[in-house]
Protein chains: 2
Amino acid sequence: MFSALHQIVGQFVELDARENAILEQAFTFKKVPKKYKLTKKGEIATELFFINKGLVRLYYEKGKEEITGFIFKEHLFASSYDSFLRKVPSLQTLETLEACELLVITYQKLEELYVTLPKINVLTRKVAEQRFINGQQILSSFLLESPEERYRRFEVQHKDLLQRVPQNMIASFLGITPVSLSRIRKRMQQPSSP
Amino acid sequence: MFSALHQIVGQFVELDARENAILEQAFTFKKVPKKYKLTKKGEIATELFFINKGLVRLYYEKGKEEITGFIFKEHLFASSYDSFLRKVPSLQTLETLEACELLVITYQKLEELYVTLPKINVLTRKVAEQRFINGQQILSSFLLESPEERYRRFEVQHKDLLQRVPQNMIASFLGITPVSLSRIRKRMQQPSSP
DNA sequence: AAGGATGCTTAACAAAAGATAAGAAATCAG
DNA sequence: CTGATTTCTTATCTTTTGTTAAGCATCCTT
């Protein structure tokens, strides 16, 4: 149940048995169905989720449309970070795309961990750094690449998600409409001159 | 010379006189002219810069074009973070837009600081979290807003930069061409029906 | 299995942005 | 101060995307 968490945490900091036990106690296990909202827009996110199994989507609402901002896979820490860290009402909703098995830690428990296990500062620093770098790569793809190029990159980097996530969600994640993504896919099938 | 650094650091962690002295010793002061390259594409970034005075631009190269990825103002920590943290050749160049006064810390000195002053983990964690949140806000503006809306937001959030940064750099930062930004500005001047 | 929702594709048209080029304006360096 | 870059605007044309709507397929639920 905690093996994936230990494995991921172990990539960032070394913990002994006692420390691992303290870490485990800070989390609770939770099983939720598909389409379950982990964090709702307008509410303050008090929980951070480690995904043991399943997929979680982060989305914004623009009018009555849902714009996907990120898709969290297994073994990632998912949260509406802005809300979680700054304690402001979330602009984002976190919703499962599949039935999920999660390890949940509250903001308060995490703060306690920082005191009882200061090493955790190193862990969260490195996780934050990694997420920042990841975000920057996505951002740079908006500056440097066309929608078609972004989709090609998505295809190779997230082959698995192509089967697990509806195309309209991928489209909004790429910053385009579903119609436009459909056209791009068609364009890509046809090599060149007809 | 260190007053701004202390003020900013103080927002994240409390340091006593001894700790502040240790912090200061890790940095060196550097004055550089306009158009000076602090980090070059292809090289590994070994330094992190705290900007006492001046402006620093981060840009990518796309063909022979320079695409601005970020503009660092006074009292920010500027770096090619991906390269700095992962020790990989940088895809980005950091170049001053004005003559700058900087406090410089090397990767090695920073690693030493983590040992001699573990509190610094808290500082860098919070700085990383803040930069992540900031990056996420920029990213969401690409998903949710039109180029015109992004420019309007830029206008209000960075009035000062409008005078200090050439428009073509603002354009690429917004993900559009200079020509397109010029059109948007014209459109915005004319209220509605002529 | 049937009905209803959801998701994907396609078409037609409008709106916006990219590319290229030329000229005006501002800035910089000697 | 003046010639030379650099920057900004404007115009024209092309390409792409957005919008709306319709049709079809697929998935889910009862």
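Going by the structure shown, is A:V179 more than 11 Å from chain B (Cβ to nearest Cβ), surrounded by fewer than 17 Cβ atoms within 10 Å (Cβ to Cβ) and either within 13 Å of DNA strand D (Cβ to nearest atom) or in a loop (DSSP other than H, G, I, E, B) (or both)?
yes
Inside region B:136-167, can you point out the residues that are free of Cβ contacts under 8 Å to residues at least 12 places away in the same chain and within 13 Å of DNA strand C (Cβ to nearest atom)?
Scanning region B:136-167 gives B:E145, B:S146, B:E149, B:L162, B:Q163, B:P166.
Taking region A:1-17, which residues are open to solvent by 90 Å² or more (accessible area, probe 1.4 Å) and not in a loop (DSSP other than H, G, I, E, B)?
A:Q7
Out of B:E112, B:E145, report the one residue that is more than 12 Å from DNA strand D (Cβ to nearest atom), acidic (D, E) and either crowded, with 17+ Cβ neighbours inside 10 Å or more than 19 Å from B:V56 (Cα to Cα) (or both).
B:E112
Going through region B:57-85 one residue at a time, which ones are more than 22 Å from B:N168 (Cα to Cα) and open to solvent by 10 Å² or more (accessible area, probe 1.4 Å)?
Across region B:57-85, the qualifying residues are B:H75, B:L76, B:F77, B:Y81, B:D82, B:L85.
Scan A:I176, A:I133 and give me the residue that is among the hydrophobic types (A, V, I, L, M, F, W, C) and either in contact with a strand residue (DSSP E or B) (Cβ under 7 Å, 6 or more places away or on another chain) or within 15 Å of DNA strand C (Cβ to nearest atom) (or both).
A:I176
In region B:33-56, what count of residues is obtained for those that are surrounded by 18 or more Cβ atoms within 10 Å (Cβ to Cβ), more than 16 Å from DNA strand D (Cβ to nearest atom) and either of a type in the set (K, R) or in a strand (DSSP E or B) (or both)?
8
What single numbered condition from (1) within 11 Å of DNA strand D (Cβ to nearest atom); (2) open to solvent by less than 40 Å² (accessible area, probe 1.4 Å); (3) more than 14 Å from chain B (Cβ to nearest Cβ) fails to hold for A:L174?
In the conditions (1) within 11 Å of DNA strand D (Cβ to nearest atom); (2) open to solvent by less than 40 Å² (accessible area, probe 1.4 Å); (3) more than 14 Å from chain B (Cβ to nearest Cβ), A:L174 misses (3) alone.
Being under 16 Å from the mean Cα position of the chain (by Cα), within 16 Å of DNA strand C (Cβ to nearest atom) and among the aliphatic types (A, V, I, L, M): is that true of B:L181 here?
Here the answer is no, as B:L181 does not meet what is asked.
Looking at (1) open to solvent by 30 Å² or more (accessible area, probe 1.4 Å); (2) under 16 Å from the mean Cα position of the chain (by Cα); (3) modelled with pLDDT of 95 or more, which is the one condition that is false for A:Q167?
(2)
With the requirement that a residue be touching a helix residue (DSSP H, G or I) at 6+ places or on another chain (Cβ under 9 Å) and among the hydrophobic types (A, V, I, L, M, F, W, C), what does region A:86-101 give you?
A:V88, A:L91, A:L97
Out of curiosity, is A:R153 more than 11 Å from chain B (Cβ to nearest Cβ), charged (D, E, K, R) and surrounded by fewer than 14 Cβ atoms within 10 Å (Cβ to Cβ)?
The answer is no for A:R153.
Which members of region A:86-96 meet the condition of being buried (at least 20 other Cβ atoms within 10 Å of the Cβ) and hydrophobic (A, V, I, L, M, F, W, C)?
A:L94
Residue check: is A:E66 touching a helix residue (DSSP H, G or I) at 6+ places or on another chain (Cβ under 8 Å), more than 23 Å from B:A128 (Cβ to Cβ) and within 14 Å of another protein chain (Cβ to nearest Cβ)?
It is true that A:E66 is touching a helix residue (DSSP H, G or I) at 6+ places or on another chain (Cβ under 8 Å), more than 23 Å from B:A128 (Cβ to Cβ) and within 14 Å of another protein chain (Cβ to nearest Cβ).
If you go through region B:84-115 one residue at a time, how many are within 28 Å of B:F154 (Cα to Cα) and more than 10 Å from chain A (Cβ to nearest Cβ)?
Final tally of qualifying residues: 12.
The values are calculated or read from the model by the stated rules, or taken from the named source; none is laboratory data. If you're wondering where the values come from, they're calculated on a predicted model, not measured in any experiment. Please note: Cβ atoms are built from the backbone with ideal geometry, for glycine as well, and neighbour counts cover all protein chains shown. The accessibility values were calculated without ligands, DNA or RNA, using every heavy atom of the protein model including side chains. Shrake-Rupley method; radii C 1.70, N 1.55, O 1.52, S 1.80 Å.
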